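Take a look at the structure set out below.
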Amino acid sequence: MSSTHIRPEVLAPAGTLEKLKVAIRYGADAVYIGGQAYGLRSRAGNFSFEEMAEGVAFAKAHNAKVYVAANMVTHEGNEKGAGEWFRTLRDIGISAVIVSDPALIAIATAEAPGLAIHLSTQSSATNYETLQFWQKQGLERVVLAREVSMEELSEIRKHTDVEIEAFVHGAMCISYSGRCVLSNYMSLRDANRGGCSQSCRWKYDLYDLPFAGERKSVEGKIAEPFSMSAVDMSMIDHIPDMIENGVNSLKIEGRMKSIHYVSTVAMTYKKAVDTYIDKGAEAFEAIKQDLVDELWKVAQRELNTGFYYGTPDENMQLFGARRKIPQYKFVGEVVSYDATTGTATIRQRNVIEEGDAIEFYGPGFTHTDCIISNLRLAETGETIDRAPNPMELLLIDVPQAVAPGDMIRKAEAGLVNLYHEETVKA
Ligand code: SF4
C-alpha cells in the first residue's frame with residue numbers, strides 16, 4: 001500500500017471516563033466527550049473538569065486525543081462564560097472543541113488561542129466552499145454533514161486541505177443532521193440543546209385525514225404502528241473508499257452507548273483501517289466479512305450506508321426490515337489471568353452460568369470461544385452454578401490465554417428480531 005495514504009484516526013464516542021478508557025484501549029486514536037456546558041447529548045454523562053483531566057492524562061499515555069463537543073445552539077446569554085470555559089479546556093490539554101454556533105467559534109478563537117476548533121456536523125457542511133470558508137476562519141477540521149455522498153466527499157477533498165471528519169457508524173437522524181423539533185413538541189426537550197428524546201423512534205398509528213380517528217386496515221388486518229426511526233449507518237466494508245478519498249477522521253456515533261458497543265466498534269474500525277493501510281486491499285477483502293459479522297454482534301437496528309452511495313429511499317432509510325440476528329449479551333470482563341493454572345479472574349457484568357457458551361474479545365481484534373467451566377467465587381473459592389451479582393469477582397477455567405481488559409459476551413438463546421425488539425425462534 002502506498003505511503004501517500006493518510007491513516008485516518010478512529011474517533012470513538014465516550015459518554016463516561018470508563019468508556020473513554022475502554023475506547024482508547026480498544027483502538028480509538030481519539031475520543032469525543034461532552035463537557036458540562038454547551039454540549040449536545042445532555043444526558044450522556046458529561047465530564048467534570050477533573051474527569052477531563054484524568055481522561056486527557058490517560059489518552060496522552062496511549063498516544064490518543066480527547067475532543068470536547070460544544071455544539072449546542074446558543075440563545076442570548078448562553079455564551080456568557082464561554083471564553084473562560086474554552087481556556088480551561090485548553091489548559092487541561094483537550095486537543096480540540098467541536099462547535100457549530102458561530103458565536104462560540106468567535107469566542108473560542110479570540111479568547112482561547114491555541115485551542116483547535118472543529119466544525120460540528122450540526123453546521124451541515126456539504127460543499128468545499130463551506131470548508132474553505134471555515135478554514136479561513138481558522139478552523140482546523142470540519143465534520144461533514146451525514147448527508148454528503150461519497151462523490152461529493154471526493155470533490156470536497158480535491159479542493160481543500162482542511163481536515164475532514166466523516167461519520168462511519170452509528171445512529172442516523174431522520175431529520176437533517178439533528179435539525180428537528182419533534183422532541184421539543186413531544187417531550188418538551190430541545191433536540192438542538194442537548195435534549196433529543198428520540199421521539200422519531202416511537203411507534204405511531206398513522207391516520208389519513210379523510211379517515212381521521214379511524215385506524216386504516218389493509219385486507220382486514222390492522223396496519224402496524226409506524227415509526228420514523230432511521231436505520232443505523234455502517235461503513236465498515238467501505239473503509240477503503242474513505243481512505244482513498246483522504247478522510248482524516250472516521251467518526252463513530254453514540255455517546256450513550258455501552259462499553260460493549262464502544263469497545264467492539266472501535267476495535268473493528270481500527271482493524272479495518274490498519275489492515276487496509278498496512279496490508280493492502282486484498283488483505284482487507286479477506287477479513288471484510290469478519291468485520292461485518294463483528295459489528296452485527298452489537299447492532300441495535302438495521303445497518304446501511306446512509307447517504308454515501310445515493311439518497312436512501314423510504315425502504316432503505318426507515319427501520320422497517322426484519323432481520324433476525326443472534327443476540328449477544330455483555331457478561332463480564334477479565335481482571336487477571338494465571339497462565340500456570342489456566343484460570344481467569346473475571347468481573348461479572350451480567351448473569352453468568354456454568355456451561356454458558358461465551359466469547360472473549362480484546363484489543364487488536366482477538367477472539368477466544370470458551371464454555372464457562374469450574375465457576376467459582378474469587379473471594380472464597382466456593383463452586384457455584386450461577387453468578388447473579390453485578391461486579392462480583394469470579395474464577396473460571398480458560399483453555400487459552402486471555403488478557404486483563406478482555407471483554408466477555410455470550411450468545412443468547414434464539415435470535416433477536418430487530419424490528420420488534422423481541423426474541424423469536426430461529
Ligand atoms: S427526534 Fe429523531 S429526527 Fe429529531 S433530532 Fe432526535 S433523532 Fe433526530
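What follows is calculated from the coordinates using simple rules that are stated; it is not laboratory data. Keep in mind that what you see is a predicted model, and the values were worked out from it rather than measured. Backbone-built Cβ (ideal geometry, glycine too); neighbour counts: all protein chains shown.
Restricting to bridges with both residues inside the chain, how much of the DSSP beta-bridge set is antiparallel, in percent to the nearest 5? Around 60 percent of the beta bridges assigned by DSSP in the chain are antiparallel ones. For Ile174, nonlocal amide neighbours, meaning residues 5 or more places apart or on other chains whose placed amide H falls under 5 Å from its own, are Ala230. As a proxy for reagent exposure, Phe49, Phe360 were ordered by neighbouring Cβ count within 10 angstrom, fewest first; the result is Phe49, Phe360.
GNM on the chain, alpha-carbon springs under 10 angstrom: the most fluctuating residue among Ala108, Ala387, Ala12 is Ala387. Can you bin the chain into rounded, prolate or oblate? Criterion: square roots of the alpha carbon gyration tensor eigenvalues sorted a ≥ b ≥ c, rounded for a/c under 1.5, prolate for a/b above b/c, oblate for the rest. It comes out oblate by the Cα gyration axes. Grouping the Cα pair distances of the range 328-411 into 5 Å bins from zero gives a pair-distance distribution of 3, 17, 31, 30, 14, 4, 1 percent in increasing distance order. Just check the range 73-171 against the gyration tensor rule for me: Cα atoms, a ≥ b ≥ c as the square roots of the eigenvalues, rounded for a/c under 1.5, and otherwise prolate or oblate depending on whether a/b exceeds b/c. Prolate, since a/c reaches 1.5 and a/b exceeds b/c. For the range 296-312, putting each phi into the Karplus relation 6.51 cos²θ - 1.76 cosθ + 1.60 with θ = phi - 60° gives couplings of 5, 5, 10, 5, 10, 9, 4, 10, 8, 9, x, 9, 5, 10, x, 5, x Hz, in residue order, rounded to whole numbers and with x for Gly and Pro. Entry note, the chain: the mean residue ellipticity at 222 nm calculated from DSSP H runs of n ≥ 4, each adding -39500 (n - 2.57), is -8000 deg cm²/dmol after division by the residues and rounding to the nearest 500. Can you tell me the dipole magnitude for the chain around its Cα centre, using point charges on the Cβ only (Lys, Arg +1; Asp, Glu -1), in Debye to the nearest 20? Dipole size: approximately 600 debye.
In this structure, the amide hydrogen of Thr345, modeled 1.01 Å from its nitrogen in the peptide plane, lies closer than 5 angstrom to those of Val335, Ser336, Tyr337, Asp338, counting only residues at least 5 positions away or on a different chain. Along the range 175-183 the Karplus relation, 6.51 cos²θ - 1.76 cosθ + 1.60 evaluated at θ = phi - 60°, assigns HN-Hα couplings of 8, 7, 6, x, 7, 8, 10, 4, 5 Hz to successive residues, with x for each Gly and Pro.
3J(HN,Hα) along the range 74-80: 9, 8, 3, x, 4, 7, 4 Hz, from the Karplus curve 6.51 cos²θ - 1.76 cosθ + 1.60 with θ = phi - 60°, whole Hz, x for Gly and Pro. Remark on Gln36: its backbone amide H falls under 5 Å from those of Phe47, a criterion applied only to residues 5 or more positions apart or on other chains, H modelled at 1.01 Å from N. Kindly flag which residue pairs out of Lys60/Lys270; Lys60/Lys288; Lys288/Lys329; Lys270/Lys410 have an alpha-carbon separation exceeding 29 Å in this structure. Too far apart for the 29 Å limit: Lys60/Lys288. Excluding same-chain neighbours fewer than eight residues apart, the aspartates and glutamates reachable from Lys251 by a Cα-Cα span under 12 Å are Glu9, Asp29, Glu165.
Any idea which of Thr345, Met407, Gly381 is furthest toward the positive side of the dipole for the range 328-411, if Lys and Arg beta-carbons carry +1 and Asp and Glu beta-carbons -1? Final value for the positive-end residue is Met407.
Projecting the Cα atoms of Ile174, Asn248, Ile277 onto the dipole axis of the chain, where Lys and Arg carry +1 and Asp and Glu carry -1 at the beta carbon, places Ile174 farthest toward the positive end.
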